[in-house]
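What follows is a single structure, written as structure tokens, with notes after it.
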Amino acid sequence: MDMTAAVLRGVGDLSLRRVPRPEPGPGEVLLKVEANTICGTDLRIISGAKTAGVRPGVIMGHEFAGRVAAVGDGVEGVDVGVQATCSIVLSCGRCARCLAGREHLCESLRLFGYEIDGGMAEYLLVPREAMERGNLVLAPRELEPTTLALAEPVSCCLNGARQFRVRPGDSVAVLGTGPIGLLHVALAKLAGATRIVAVGRPGRLDPAVELGATHALSAQGEDLTREVLRLTGGGADVAVVAVGDPALADQVLQIAAIGGRVNYFAGFPKGSTALMEPNVIHYRELQVTGGSNARRADVRRAVELLSSGALDVASLVTHRFPLAEIDAAIAAVRQRAGLKVAVVPS
């Protein structure tokens with residue numbers, strides 16, 4: 001039996017193909033994909049800007065939600081028909097990073113949608129190794145599939161948020177109002193921040209306010225620094241870079257409060273560099289961290305927050321395309337149409 005899938009055959013060559021539909025073997029689970037949202041990393045993979053860990057011939061898609069369609073022998077506690085998603089990071093569980101609790105930075109990690117076939121298809125196989133590692137996450141209650149698909153980017157933001165830990169009463173500045181920046185805004189509100197300043201493109205300021213920002217700015221350069229300092233009363237307790245602009249690497253330090261926590265969450269262009277004034281970190285006693293990928297625990301927490309309604313970010317998905325229109329869906333992301341684009345297999 002065949003199925004339709006978006007296969008990456010090479011740089012710039014993502015196309016729909018008829019491929020064999022996978023069947024679950026012992027210890028495996030087959031998901032019928034219900035939604036797959038697209039992110040900027042997908043564009044970088046397609047263009048060849050990101051090649052590490054990417055297998056030619058892979059079915060793309062790492063932000064997916066599905067429903068259990070079939071269960072292989074030996075799988076227990078997984079019922080057919082239940083909604084589910086996966087932690088996309090398949091780690092070895094044996095290297096120093098895994099043993100230190102950082103399996104998302106595993107020395108030999110493999111990712112769904114990069115090396116392991118992902119969610120831009122009618123069906124997705126959760127291989128035995130992923131099942132044994134606990135990657136499958138079942139939804140505790142029914143969700144809009146496009147909302148459940150957001151568990152992946154939410155989990156990554158949760159991993160980043162664990163580095164800087166927003167506290168009740170904190171002031172937070174988020175530089176970048178793409179989907180990731182907006183998720184950081186929503187999580188800061190959930191954590192109890194009282195002042196949240198979002199800085200980004202004019203067309204994405206209203207969504208930032210809707211998701212919890214108390215102030216939304218399109219300022220740049222010195223105006224940005226001056227306005228954030230004013231609105232936060234002298235500096236943000238937490239400052240997050242959520243867009244990969246090297247020019248922000250130094251500026252984010254300037255808007256942080258004494259003892260502030262700065263997080264470089266966005267991925268920057270490979271090989272990019274930035275000039276920074278290290279004395280700002282030294283004399284202001286800043287804590288500087290990064291954030292990349294997510295642990296299985298982060299994915300489970302993301303699903304819990306989305307399922308409970310504590311984190312309501314369903315409005316991020318503004319465009320939906322059938323799988324048959326994958327080219328149009330990719331073009332919409334490239335043209336920055338709306339906020340988040342979803343592919344919904346029919």
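Under the condition of being over 21 Å from Ile326 (Cβ atoms) and either without any contact (Cβ under 8 Å) to a residue 12 or more places away in the chain or in a strand (DSSP E or B) (or both), the residues counted in the range 53-68 number 1. Looking only at residues that are out of contact with any Gly (no Cβ under 8 Å at 6 or more places or on another chain) and within 23 Å of His104 (Cα to Cα) in the range 163-190, which one is surrounded by the most Cβ atoms within 10 Å (Cβ to Cβ)? Checked the range 163-190; the qualifying residue surrounded by the most Cβ atoms within 10 Å (Cβ to Cβ) is Leu182. Of all residues in the range 327-346, those satisfying the criterion of being more than 14 Å from Phe64 (Cβ to Cβ) and in contact with a strand residue (DSSP E or B) (Cβ under 9 Å, 6 or more places away or on another chain) are Asp327, Ala328, Ile330, Ala332, Val333, Ala337, Gly338, Leu339, Ser346. Scanning the range 208-218 for residues that are assigned to a helix (DSSP H, G or I) and either under 19 Å from the mean Cα position of the chain (by Cα) or under 20 Å from Pro168 (Cβ atoms) (or both) yields one hit, Ala208. For the range 20-30, the criterion of being over 26 Å from His319 (Cβ atoms), in contact (Cβ under 8 Å) with a residue 12 or more places away in the chain, in contact with a strand residue (DSSP E or B) (Cβ under 9 Å, 6 or more places away or on another chain) and hydrophobic (A, V, I, L, M, F, W, C) is satisfied by at least one residue. Scanning the range 256-288 for residues that are in a loop (DSSP other than H, G, I, E, B) and at positive phi, we see that the one that is farthest from the chain's Cα centre (by Cα) is Glu285. Has the range 139-148 got any residue that is aliphatic (A, V, I, L, M), open to solvent by less than 10 Å² (accessible area, probe 1.4 Å) and either under 27 Å from Asp237 (Cα atoms) or more than 16 Å from the chain's Cα centre (by Cα) (or both)? No, the conditions are met nowhere in the range 139-148. Across the range 267-299, which residue is least open to solvent (accessible area, probe 1.4 Å) among those that are basic (Lys, Arg) and touching a Ser or Thr at 6+ places or on another chain (Cβ under 8 Å)? Once the filter is applied, the top-ranked residue is Arg296.
Please verify whether the range 318-325 includes one or more residues that are part of a loop (DSSP other than H, G, I, E, B), touching a helix residue (DSSP H, G or I) at 6+ places or on another chain (Cβ under 7 Å) and surrounded by fewer than 22 Cβ atoms within 10 Å (Cβ to Cβ). No - not one qualifying residue is present in the range 318-325.
Applying the set (1) more than 22 Å from the chain's Cα centre (by Cα); (2) at pLDDT 95 or above to Val58 leaves exactly one unmet item: (1).
Could you tell me which residue of the range 42-98 is nearest to Cys157 (Cα to Cα), considering only residues that are touching a Pro at 6+ places or on another chain (Cβ under 7 Å) and surrounded by 13 or more Cβ atoms within 10 Å (Cβ to Cβ)?
Glu63
Within the range 17-41, the set of residues being within 24 Å of the chain's Cα centre (by Cα) and either at pLDDT 95 or above or in a loop (DSSP other than H, G, I, E, B) (or both) comprises Val29, Leu30, Leu31, Lys32, Val33, Glu34, Ala35, Asn36, Thr37, Ile38, Cys39.
Ser315 meets the conditions (1) in a helix (DSSP H, G or I); (2) surrounded by 20 or more Cβ atoms within 10 Å (Cβ to Cβ) in every case but one. The failed one is (2).
What do you reckon, is Asp250 of a type outside the set (Ser, Thr, Tyr), open to solvent by 60 Å² or more (accessible area, probe 1.4 Å) and either touching a residue at least 12 places away in the same chain (Cβ under 8 Å) or in a loop (DSSP other than H, G, I, E, B) (or both)?
So Asp250 does not fit the description; no.
Within the range 204-229, residues that are over 20 Å from Gly260 (Cβ atoms) have Cβ atoms under 7 Å from residues that are at pLDDT below 95 and in a helix (DSSP H, G or I) in these pairs: Ser218/Pro202, counting only partners at least 6 apart in sequence or on another chain.
The values are calculated or read from the model by the stated rules, or taken from the named source; none is laboratory data. Remember, it's a predicted structure, so these values are computed and weren't measured experimentally. Reconstructed Cβ throughout: ideal geometry from the backbone, glycine too, with neighbour counts over all protein chains shown. To get the accessible areas, we keep the full protein, side chains included, count just its heavy atoms, and leave off ligands, DNA and RNA. Shrake-Rupley method; radii C 1.70, N 1.55, O 1.52, S 1.80 Å.
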